[in-house]
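Take a look at the structure below.
Please treat every number below as a calculation from the coordinates, not as lab data. Please read all numbers here as calculations on a predicted model, not as lab measurements. Note that we place each Cβ from the backbone using ideal geometry, even for glycine, and neighbour counts take in every protein chain shown.
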Amino acid sequence: MLNLANIESAARDVLGQSSYDYYASGAADELTLRWNVERLQELRLRPRVLRDVSTLDTSVELLGRRHALPLLLAPTANHRLAHPLAEIATARGASLSGVGMVLSNGSNTAIREVAVALGSAQALWFQLYVQPDRALTRDIIWHAEAGGAEALVITVDSPVDGSRNRQARSGWRLPEGTGHPNYLGRKQRRSVVNLEEVRPLKCTWEDLEWMKGTTRLPMLLKGILNPDDAELALRHGADGVIVSNHGGRVLDTVPAAIDALPAVVERVAGRAPVIFDSGIRRGSDVLKALACGARAALVGRPYLYGLAVGGAEGVEHVIRILRQELRLAMALTGCRAVGDLDRSFLW
Ligand SMILES: Cc1cc2nc3c(=O)[nH]c(=O)nc-3n(C[C@H](O)[C@H](O)[C@H](O)COP(=O)(O)O)c2cc1C
């Protein structure tokens, strides 16, 4: 399996159609899902020659910690569909490959167990879906803090779930007994969506300020596309923003995340780290995102496919491929250190 596309096709066989559709699908007509990948592919590289690239530095600093790669595992729910050890296997894979992990609020394993499997050498961040009930939101934050999270990632792009037609058509349902322990046994429906009614969750900038007051953890907002929101995020105390369209799963026909990145980077102007996700399928995509100003990137579906095919080692294999492709792209564009990347590396 030489690239992530190979691993995805193998995963499709292992997972079966409906679980595969749950992981792979996007919202509505899946246009944004496709653009995420295509727009990264369309960016052309602009190499320099005869530079000393005999040693390559892929490390970055994020929230006070050095990361060997500018890459973390994105928060994705329900790893048990891919592997019986669920997020434990994922965490072992992250640990083997030396990358941090963002644990989804919708994971099937309690954060404390994930922290043990990951070990302290890698960063563990916890992704939170704000709940209708503040007491539950606060308790989840405290539970994450006590469980070993170093940062909170608040996902702000989905006051309602997206409507994933492909997933609905395939008849996907969460298998019996697949639990979500990081909701502390008090999982609430965040929003109501059915044919008669769409009733989204109320969550505003005020809630963010309130959350800031409940915890000492740094807070990143995930799902920022508009530079005005990036500005508000910083004004309300966010310690970083994640430019993401949720892998095309929420609102179809928003632009590819890579097209939204430069304006957000410009507005943030170095005041906080900007992280990128949605559509990374090659190490050269990581290089492109960093050239557009991201400090690091998250990868979502590809490691889920690795998990399905080979458990922890499958996750490790996915990261190994991305690492190798990133190093190749660096050497061949004349980039010695990822910290040197800027728009001059793009045609
Ligand atoms: C199956 C699946 C489940 C996801 N679950 C969550 C989640 O629980 N919380 C969240 O913030 N994002 C979630 N995401 C979005 C990812 O964090 C990330 O934004 C996206 O996968 C990046 O795009 P990529 O898959 O093209 O790399 C999920 C994505 C997938 C594919």
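So which aspartates and glutamates pass the test for residue 288, namely a Cα distance under 15 Å, with those fewer than 8 places away in the same chain ruled out?
List returned: 38, 42, 259, 277, 325, 340, 342.
In whole Hz, what ³J(HN,Hα) sequence does the stretch 197-203 give by Karplus (6.51, -1.76, 1.60; θ = phi - 60°), x for Gly and Pro?
Whole-Hz 3J(HN,Hα) from phi for the stretch 197-203: 8, 10, 10, x, 6, 8, 8.
Between residue 56 and residue 173, what length comes free when the chain is fully extended (0.36 nm per residue of separation minus the Cα-Cα distance, one decimal in nm)?
On the way: separation 117, 0.36 × 117 = 42.12 nm, distance 4.52 nm.
Extra length available between residue 56 and residue 173 comes to 37.6 nm.
Starting from the Cα-Cα distance between residue 133 and residue 44, subtract it from 0.36 nm times their residue separation and give me the gain in nm to one decimal.
Working: separation 89, 0.36 × 89 = 32.04 nm, distance 4.68 nm.
Contour length minus Cα-Cα distance gives 27.4 nm.
Which order do the peptides 62-68, 250-256, 43-49 come out in when sorted by mean C-beta neighbours inside 10 angstrom, highest first? Walk me through the numbers before you get to the answer.
Numbers: 62-68: 15.0, 250-256: 18.4, 43-49: 12.6.
The most tightly packed comes first, giving 250-256, 62-68, 43-49.
Ordered by packing density, taken as the mean number of other Cβ atoms within 10 Å over each peptide's residues, highest first, how do 95-101, 14-20 rank? Provide the component values of the computation, followed by the final result.
Working: 95-101: 22.0, 14-20: 16.7.
The packing order, highest mean first, is 95-101, 14-20.
Quick one: putting +1 on the C-beta of Lys and Arg, -1 on the C-beta of Asp and Glu, what dipole do you get for the chain around its Cα centre, in Debye to the nearest 20? Walk me through the intermediate numbers first.
On the way: 41 positive and 38 negative charges, 77 e Å.
So the dipole magnitude of the chain works out to roughly 380 debye.
For Cα pairs less than 8 Å apart in space and 6+ apart in sequence, what is the mean separation divided by the residue count of the stretch 167-242, i.e. the relative contact order in percent? Provide the component values of the computation, followed by the final result.
Details: 44 pairs, mean separation 15.7, N = 76.
Rounded, it is 21 percent for the stretch 167-242.
Just to check I understand the Karplus step: with θ = phi - 60° and J = 6.51 cos²θ - 1.76 cosθ + 1.60, what whole-Hz values come out for the stretch 260-272, glycine and proline as x?
Coupling constants for the stretch 260-272: 7, 4, x, 5, 5, 4, 4, 5, 5, 6, x, 6, 7 Hz.
If we restrict to alpha carbons, what Rg and Dmax does the chain come to, in Å?
Just the Cα atoms of the chain yield Rg and Dmax of 19.0, 64 Å.
Taking H placed 1.01 Å from N in the peptide plane, check which residues at least 5 places from residue 100 or on another chain put their amide H under 5 Å from its amide H.
73, 123
What list of ³J(HN,Hα) values in whole Hz, one per residue of the stretch 288-302 in order, does the Karplus curve 6.51 cos²θ - 1.76 cosθ + 1.60 (θ = phi - 60°) give from phi, with Gly and Pro shown as x?
5, 4, 5, 5, 7, x, 6, 7, 7, 10, 10, 10, x, 3, x
Over all alpha-carbon pairs in the stretch 45-177, figure out the percentage whose distance exceeds 22 Å. Write out the running numbers ahead of the final one.
Details: 4262 of 8778 pairs.
Result: 49 percent of Cα pairs exceed 22 Å.
Could you tell me which of rounded, prolate or oblate describes the stretch 49-126, using a ≥ b ≥ c as the square roots of the eigenvalues of the alpha-carbon gyration tensor, with rounded for a/c under 1.5 and, failing that, prolate when a/b is larger than b/c and oblate otherwise?
Working: a/c = 2.70, a/b = 2.22, b/c = 1.22.
In terms of gyration-tensor shape, prolate.
Can you list the lysines whose alpha carbon is less than 29 Å from that of residue 187, not counting same-chain residues fewer than 8 positions off?
202, 212, 222
Report the Cα centroid-to-centroid distance between the stretch 151-167 and the stretch 234-297 in angstrom, as an integer.
16 Å
So how much slack lies between residue 194 and residue 215, counting 0.36 nm per residue of separation and subtracting their Cα-Cα distance, in nm?
So the chain would gain 4.1 nm between residue 194 and residue 215.
In deg cm²/dmol, rounded to 500, what helix-only [θ] at 222 nm does the chain give when every DSSP H run of at least 4 residues adds -39500 (n - 2.57) and the total is split over its residues?
Working: 12 runs with 142 residues, N = 347.
Helices in the chain give a 222 nm mean residue ellipticity of -12500 deg cm²/dmol.
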